[in-house]
Amino acid sequence: MIPIGDDDSDRRSVPYVTWLLIALNVFVFVVFQGMGANQRFTMAFATVPAEILTGHDVAENVPIRDPYGRVVGGIDLEMTPIPVYLTLITAMFMHGGFAHLFGNMLYLWIFGDNVEDALGHLRFFLFYLVTGLVAGLSHVFVTAAFGGNVLIPSLGASGAISGVLGGYLVLFPRRRVRVLLFYSIVEVPALLVIGLWFLFQVVSGAGSAGGSGGGVAYGAHVGGFLAGLLLVKAFGGDRRAPLTPSWG
């Protein structure tokens with residue numbers, strides 16, 4: 001079930017911030033990350049849990065091991081030219097590849113505009129950053145608490161976008177979302193789409209060490225989503241109710 005669009009017929013503002021965030025993510029990936037080729041930049045500005053926990057920069061080769069303990073590769077962590085805590089923000093605007101970038105930007109494009117319309121431009125921007133920070137800290141905590149490798153860097157907008165999904169679920173639970181289901185396009189309520197997404201994050205995170213698996217930081221997804229659920233009203237989410245019913 002892949003979302004491809006939603007009902008934004010009652011949107012009353014132009015989603016400038018959503019567009020800006022998408023453009024910024026693409027710009028960083030293309031220009032600064034060299035479309036994934038500039039690993040020195042990526043490894044300098046990604047979030048390393050050990051650095052957040054200690055406050056000290058780490059620049060060393062980190063061996064990557066398979067489930068049997070055999071070394072199958074390595075990651076060269078680079079010196080970070082800014083305070084390490086700021087990588088919780090810089091990591092939000094970097095991605096590991098084209099598929100990673102496209103998937104995140106698709107979700108932000110579909111769900112961000114309505115949340116921005118409900119919160120207003122400035123509140124939405126702050127909401128995005130705050131839930132992204134909570135997501136990053138959640139990943140650090142889960143990695144340390146459950147014995148994950150605290151030297152493996154994390155990056156991507158998915159934590160902040162998870163916050164947007166949580167806010168969307170609170171504000172528009174019955175909003176029609178178009179999804180690609182097998183070979184058909186159908187409309188289902190947001191509650192079903194986002195609810196299934198969150199369930200997948202919880203199950204996948206519970207089944208993998210440190211809340212991450214296959215390179216996916218599930219702990220960040222869950223933390224960002226819960227932050228979105230809890231904080232969207234505090235950011236003014238009930239300030240602009242939909243003009244028309246969204247479902248049924």
All positions within segment 86-129 that are among the polar types (S, T, N, Q) and part of a loop (DSSP other than H, G, I, E, B): none
Pair list, Cβ under 8 Å, 6 or more apart: segment 181-204 residue free of Cβ contacts under 8 Å to residues at least 60 places away in the same chain and under 15 Å from HIS221 (Cβ atoms), other residue surrounded by fewer than 17 Cβ atoms within 10 Å (Cβ to Cβ) and not polar (S, T, N, Q): SER204/GLY213
THR54 free of Cβ contacts under 8 Å to residues at least 40 places away in the same chain, among the hydroxyl-bearing types (Ser, Thr, Tyr) and closer than 25 Å to PHE146 by Cα: yes
Answer residue from segment 28-85, given it is polar (S, T, N, Q) and in a helix (DSSP H, G or I) and is surrounded by the most Cβ atoms within 10 Å (Cβ to Cβ) among those: THR42
Restricting segment 176-201 to residues that are at pLDDT below 90 and touching a Phe, Trp or Tyr at 6+ places or on another chain (Cβ under 8 Å), the residue that is surrounded by the fewest Cβ atoms within 10 Å (Cβ to Cβ): PHE198
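The values are calculated or read from the model by the stated rules, or taken from the named source; none is laboratory data. These numbers were taken from a predicted model, which means no experiment stands behind them. Glycine also receives a Cβ, built like all others from the backbone with ideal geometry; neighbour counts cover every protein chain displayed.
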